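The values are calculated or read from the model by the stated rules, or taken from the named source; none is laboratory data. Quantities reported herein were computed from a predicted structural model and do not represent experimental measurements. Glycine gets a Cβ as well: all are built from the backbone with ideal geometry, and neighbour counts include every protein chain shown. The accessibility values were calculated without ligands, DNA or RNA, using every heavy atom of the protein model including side chains. Shrake-Rupley method; radii C 1.70, N 1.55, O 1.52, S 1.80 Å.
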Amino acid sequence: MPQDSTAFAREVARTIGAESEPLIRMQGIRKSYYIGQPNELEILHGIDLTVYPGEFVAIVGESGSGKSTLMNVMGVLDRPTAGNYTLDGVDIHTAKENELAAIRNSKIGFVFQTYNLIGRQSALKNVELPMLYAGVPAAERTARAQQWLERVGMGNRMRHRPNELSGGQKQRVAIARAMVNDPALILADEPTGALDSETSRVVMDLFHEMHEKYHKTIVLITHNRTLADECQRVLTLHDGRIVDERKGGGIRGTL
């Protein structure tokens, strides 16, 4: 990995016309579990990571490399044990729990391998949920949810429940849900991991559209190096450390 990762990120951001102030700035991030116990385990060993607005970044690594732990910290689902993390100007270390909850709901859109849809609710109601937490009025919630389901090609399935949808359809609903509050950051954790190659292509094309058309900053966490190569910057995580960082192709592939 380049010795000055921040400088490398800044150079990539400059080439794509991204803004100058980082959206994500992580310095020396460590994450341990069972602290103070004989089985104490450190998963992340000093992560330095900078992401600028408008970037499409991939974090690639094998199972056990620490990808999901890093995603949880990045998405403020978990606090780091040590280090500094600033997200969109907010110091995560000093933020209160209610502030972190508001950040998760308003600044971050999550897309998971397992979709995380509520089974008893329709696609429409699932997409409305983040707006419900944000206090958006009912009529506006419905209109925005319908709009985003149309945009991801699920307009004719919005009344269906998750058990009536295919894996690819569920993931499209999840992407609509992630986008509906207009977040600063989309975090996608193995979003094609449970899908076949044809459906993976459809889902990945949607991420490209979110990036190109709606100018979203996207961090894609994946073990699939072919998908990672479609991003503008690729970081390799191994045993809780970023061991390589390079420019990606930044263009759609043909899975």
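If the segment from SER106 to VAL243 were pulled out straight at 0.36 nm per residue, it would be longer than the present Cα-Cα gap by 46.2 nm.
Can you grab the distance from the C-alpha centre of region 26-51 to the C-alpha centre of region 223-255, Å, no decimals? Each part reduced to its Cα centre gives a spacing of 22 Å. FRET efficiency for the pair ASN84 and SER63, taken as 1/(1 + (r/R0)^6) with r the Cβ-Cβ distance and R0 = 41 Å, rounds to 0.90. Full extension of the chain segment joining ALA138 with SER32 gains 34.0 nm, where the gain is 0.36 nm per residue of separation less the Cα-Cα distance.
Legend: distances between Cα atoms for LYS67/LYS247; LYS107/LYS247; LYS31/LYS170; LYS170/LYS247; pairs beyond 21 Å are LYS107/LYS247; LYS31/LYS170; LYS170/LYS247. To put it simply, the accessible area of the chain at a 1.4 Å probe is 46 percent carbon and sulfur. Considering only LEU227, THR199, ASN84, the residue lying farthest towards the positive end of the dipole of the chain is THR199, judged by Cα position with unit charges set on Cβ.
Computed over neighbours whose Cβ is under 14 Å from that of GLU62, the net charge equals 0, Lys and Arg +1, Asp and Glu -1. Sorted from longest to shortest, the spans of the Cα atoms of region 91-215 along the three principal axes equal 43, 30, 28 Å.
The phi torsions of region 240-245, fed into the Karplus equation with coefficients 6.51, -1.76 and 1.60 and a -60° offset, translate into couplings of x, 10, 7, 9, 7, 8 Hz, rounded to whole numbers, with Gly and Pro shown as x. Between HIS45 and ASN156, residue separation times 0.36 nm minus the direct Cα-Cα distance comes to 35.3 nm. Here the translational diffusion coefficient of the chain follows from Stokes-Einstein with Rh set to the Kirkwood radius across Cα pairs; for 37 °C and 0.692 mPa s it amounts to 176 µm²/s.
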